[in-house]
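Engineer: Mind looking over this structure? Questions follow.
The values are calculated or read from the model by the stated rules, or taken from the named source; none is laboratory data. For clarity, every value in this text was computed on a predicted model and none was experimentally measured. Here the Cβ positions follow ideal geometry from the backbone for every residue, glycine too, while neighbour counts run over all protein chains shown.
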Amino acid sequence: MSAPVDPATTPAWATLTELHRALKPDLRGWFDGDADRASTFSFTAGDLFVDLSKNLINSEIVAALAQLADQVGLPERREAMFTGEHINVTENRAVLHTALRDPEGIELVVDGTDVIPQVHETLRKVYAFAERVRSGEWTGVTGKPISTVVNIGIGGSDLGPVMVYEALLPYVQDGLKARFVSNIDPTDVAEKTSDLDPETTLFIVASKTFTTLETLTNARLARGWLLDQLRTSGAVDDSDESTREAVAKHFVAVSTALDKVADFGIDPDNAFGFWDWVGGRYSVDSAIGTALVVAVGPDNFADFLTGFHTIDTHFRTEETSSNVPALMGLINVWYVNFFNAATHAVLPYAQYLHRFPAYLQQLTMESNGKGVRYDGTPVTTDTGEVFWGEPGTNGQHAFYQLIHQGTRLIPADFIAVATPAHPLTDGDADVHELFLANFFAQTAALAFGKTADEVRADGTDEAIVPARVFTGNRPTTSIMAPALTPAVVGQLIALYEHITFVQGVVWGIDSFDQWGVELGKQLALQVTPAVRGDADALSKQDGSTQSLITYYRDHRAF
Ligand code: F6P
């Protein structure tokens, strides 16, 4: 693979630098002077309607950003991803989450193997398993049907499944529910199992590597809980055979390391595989989504995958000038590198998307939080911004103050759907309309602000006029869809996957490794003996760590 292009040396970067220097942000004036601004900068991708017009852009800026994409080789890098080149260079892997949603019948040979038949064979296996659970054919060890699936995983093996489960709650089969255990804080597994009936509970241990400390520990705790409960009630005895049968009926696994699944004691027949060319944070559409398939059913999961594929096709084929993920990624670069924006808010006006910002944190920040490029040389510009957010309108009553009047530029994505799952009324007011009025009002307030004269015209005391001025020119992107269907959720995820990719390409980084999480994991293993009371191990820690561990040991009540 060719060396990364330094974006800062491209002609487009020089043009953007000049455009930024000369830019006088004036969203009011720009809208007043151009009746077509909203339509010029609005685009569709699948079911998504995306309005970029309230961003600090004009046609020249967008054209220069598109040139930047060409000059850093975005089209070639994108094709390299879609065709299975090893663009994850530090792990020497292909990056093929897009293959997970390719329809059957196309051929995609990677490292000598056509991966599409494998993808669909696994999907069929997951679908068949899910149907057995949903129909009640799969029973627990005492013959009762399953009513709760508990996904045990962390990071990409948790955040995607839990986010989508919450997003698609209206599609969950009556009588079934899913829970998600991730944190190694024992509170998590204790709380999530406390009201469950072991006879009707099925655990899905989801771990790409099947080595993750949190997941394996939680899986052992769950197995202990299950066996204790079943033994206490007399449902199983202490024999190996009885134990094996209970584990086989109440535990399945999802992993790329099926040998390790067997070592854990889960029957390999009850394990679903995927491949090292699927990154953990890109895996919700693989067998890692098994809990979702059980909850919402194969047909809805298939629609979810179709949603991803719609956006994949758009991203792969659309000209940059109308390519929504490309434009959104490039505009993010515009803010990070030319306006020094350090954060980016994602504000879903859809309660069911309440975990979407948390999901995006791993997707974007584990992907683009890098200080070296894919050839090992230092990056030449700032890279990954902090993604954060909460559902509207909760955020309005918490942190929007800073977005409206703070000193930092915080680009924000607003997301909403036209048709709500719950069309409730308050008197004769449609509550979804009150909700969406907030979405529209917030993006207008951020864009257009309120001048001192307008504040005065309200009769405001002169002394507090400055405090009540809104500068405006605070950029937002609005994303709307007809309804929060499985396909739309898939489209939203794929949109942000590709936005993340575009930013990584501009910065020349490997968006698909995550070496930055390793050091802390290694140190935790080293520190553990000291925490357990090994004086020698304690003496090898730094002063602060020794003091913290000593505090812990002095105060721990057993
Ligand atoms: O520590 C980070 C990480 O490797 C993530 O990238 C991954 O999603 C998560 O841990 C869980 O990994 P696994 O699925 O292998 O248990």
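Engineer: Any residue in the stretch 369-382 that is out of contact with any strand residue (DSSP E or B) (no Cβ under 6 Å at 6 or more places or on another chain), within 16 Å of the ligand (Cβ to nearest atom) and either modelled with pLDDT of 95 or more or farther than 30 Å from ARG134 by Cα (or both)?
Structural biologist: Yes, the conditions are met somewhere in the stretch 369-382.
Engineer: Against the definition (within 25 Å of GLY155 (Cα to Cα) and of a type in the set (A, V, I, L, M)), how does LEU347 come out, yes or no?
Structural biologist: Spelling it out, LEU347 is indeed within 25 Å of GLY155 (Cα to Cα) and of a type in the set (A, V, I, L, M).
Engineer: Yes or no: GLU104 of a type in the set (D, E, K, R) and either in contact with a helix residue (DSSP H, G or I) (Cβ under 6 Å, 6 or more places away or on another chain) or buried (at least 16 other Cβ atoms within 10 Å of the Cβ) (or both)?
Structural biologist: Judged against the criteria, GLU104 is a match.
Engineer: Additional query: Between ARG373, ARG355, which is charged (D, E, K, R) and closer than 30 Å to THR9 by Cβ?
Structural biologist: ARG373
Engineer: Among (1) closer than 19 Å to LEU360 by Cβ; (2) over 22 Å from the mean Cα position of the chain (by Cα); (3) free of Cβ contacts under 8 Å to residues at least 60 places away in the same chain, there is one condition PHE440 misses while meeting the rest; what is its number?
Structural biologist: For PHE440, the failing item is (1).
Engineer: Please verify whether GLY504 is touching a Lys or Arg at 6+ places or on another chain (Cβ under 7 Å), surrounded by 14 or more Cβ atoms within 10 Å (Cβ to Cβ) and closer than 14 Å to GLY371 by Cα, treating the condition exactly as stated.
Structural biologist: Against the criterion (touching a Lys or Arg at 6+ places or on another chain (Cβ under 7 Å), surrounded by 14 or more Cβ atoms within 10 Å (Cβ to Cβ) and closer than 14 Å to GLY371 by Cα), GLY504 does not qualify.
Engineer: Where residues in the stretch 362-374 are touching a residue at least 40 places away in the same chain (Cβ under 8 Å) and under 24 Å from GLY406 (Cβ atoms), which of them is surrounded by the fewest Cβ atoms within 10 Å (Cβ to Cβ)?
Structural biologist: Selected residue: GLY369.
Engineer: Check VAL50, VAL5 and return the single one that is within 30 Å of THR419 (Cβ to Cβ), touching a residue at least 60 places away in the same chain (Cβ under 8 Å) and either part of a loop (DSSP other than H, G, I, E, B) or aliphatic (A, V, I, L, M) (or both).
Structural biologist: That would be VAL50, the only listed residue that is within 30 Å of THR419 (Cβ to Cβ), touching a residue at least 60 places away in the same chain (Cβ under 8 Å) and either part of a loop (DSSP other than H, G, I, E, B) or aliphatic (A, V, I, L, M) (or both).
Engineer: Those residues that are more than 17 Å from ILE204 (Cβ to Cβ) and within 16 Å of the ligand (Cβ to nearest atom), I need them from the stretch 279-318; list them, please.
Structural biologist: The answer is GLY279, ARG281, TYR282.
Engineer: Next question, about the same structure. Being surrounded by fewer than 19 Cβ atoms within 10 Å (Cβ to Cβ) and either part of a loop (DSSP other than H, G, I, E, B) or within 16 Å of the ligand (Cβ to nearest atom) (or both) is the filter here; which residues of the stretch 339-357 pass it?
Structural biologist: Residues satisfying the conditions are PHE339, ASN340, ALA342, HIS354.
Engineer: Okay, next question. Does ALA487 satisfy the criteria of being among the aliphatic types (A, V, I, L, M), surrounded by 13 or more Cβ atoms within 10 Å (Cβ to Cβ) and within 20 Å of PRO357 (Cβ to Cβ)?
Structural biologist: no
Engineer: Within the stretch 246-280, work out how many residues are part of a helix (DSSP H, G or I), in contact with a helix residue (DSSP H, G or I) (Cβ under 6 Å, 6 or more places away or on another chain) and closer than 19 Å to ARG179 by Cα.
Structural biologist: 1
Engineer: If THR232 passes every condition in (1) more than 22 Å from the chain's Cα centre (by Cα); (2) on the phi > 0 side of the Ramachandran plot but one, which one does it miss?
Structural biologist: (2)
Engineer: Quick one: would you say ARG316 is more than 23 Å from ASN151 (Cα to Cα), among the basic types (Lys, Arg) and assigned to a helix (DSSP H, G or I)?
Structural biologist: yes
Engineer: A further question follows. Can you confirm whether the stretch 424-434 contains a residue that is touching a Ser or Thr at 6+ places or on another chain (Cβ under 6 Å) and surrounded by 15 or more Cβ atoms within 10 Å (Cβ to Cβ)?
Structural biologist: no
Engineer: Within the stretch 283-299, can one find any residue that is surrounded by fewer than 22 Cβ atoms within 10 Å (Cβ to Cβ) and part of a helix (DSSP H, G or I)?
Structural biologist: yes
Engineer: Taking the stretch 507-525 as the search range and keeping residues that are under 20 Å from the mean Cα position of the chain (by Cα) and of a type in the set (Gly, Ala, Ser), which one is surrounded by the most Cβ atoms within 10 Å (Cβ to Cβ)?
Structural biologist: Per the criteria, the residue is SER511.
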